[in-house]
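Peer 1: I'd like to ask you about the structure that follows.
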Amino acid sequence: MKRQPVLSLLIDLQRRERDRVAGVAAQSQRDVDAAAGTLRMLKDYRNDYEARSPKSGRSATDTLRVRVHEAFVGKLGRAIGEQDTLLEHLAQRNETQRLALVDRQRRVKALETLELRRATERRKRLESLEQKQTDEFAAQAYARISRQKADHDR
């Protein structure tokens, strides 16, 4: 089995961690969306229920019906308040997860940049070595040809 360079291994680990954090952030966003949908539904239901209030009609209604209606509207108001608090909490958690994802992406990018720089440096060293070898070969060939010519001229 070929040994993987440490930097490549570290990049792979950071990518896996980034992907895990991305999954958590995505779930967090889905939770926020679901809570916001529930809050909208509760508010719409309350508005609809209040529009059909026994107090808003022209006909006479008994006090028991009005009290039942007001109690239910009160419960809806409390449920809306609780849902609003939950939504705020989920939104804060979502922002924390989003920032964690940005941090993970930044780490991966930094390691990939380092890997790219090292590869560029390695390529430049190889090109320099190849040029040096080519120059030495050319110098040796020139010296050999010069000696042969000098030997031939004698």
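The values are calculated or read from the model by the stated rules, or taken from the named source; none is laboratory data. What you see is a predicted model; the values in this text were computed from it and never measured. FYI the Cβ positions are ideal-geometry reconstructions off the backbone, even for glycines, and counts take in every protein chain you see. The protein model used for the area step is the full one, side chains on, heavy atoms only, and it has no ligands, DNA or RNA in it. Shrake-Rupley method; radii C 1.70, N 1.55, O 1.52, S 1.80 Å.
Peer 1: Of the residues that sit in region 36-83 and are more than 25 Å from N94 (Cα to Cα) and of a type in the set (S, T, Y), which one is modelled with the lowest pLDDT?
Peer 2: S59
Peer 1: Moving to a separate point now. Need pairs with beta-carbon distance below 8 Å; first residue under 30 Å from I11 (Cα atoms) and within region 118-146, second of a type outside the set (G, A, S) and surrounded by 10 or more Cβ atoms within 10 Å (Cβ to Cβ); sequence gap 6+ or separate chains.
Peer 2: Close Cβ pairs satisfying both conditions: R118/L7.
Peer 1: Kindly establish whether Q83 is among the polar types (S, T, N, Q), open to solvent by less than 80 Å² (accessible area, probe 1.4 Å) and within 24 Å of V24 (Cα to Cα).
Peer 2: yes
Peer 1: Out of the residues in region 96-154 that are open to solvent by less than 80 Å² (accessible area, probe 1.4 Å) and of a type in the set (D, E, K, R), state the one that is farthest from the chain's Cα centre (by Cα).
Peer 2: This residue is E115.
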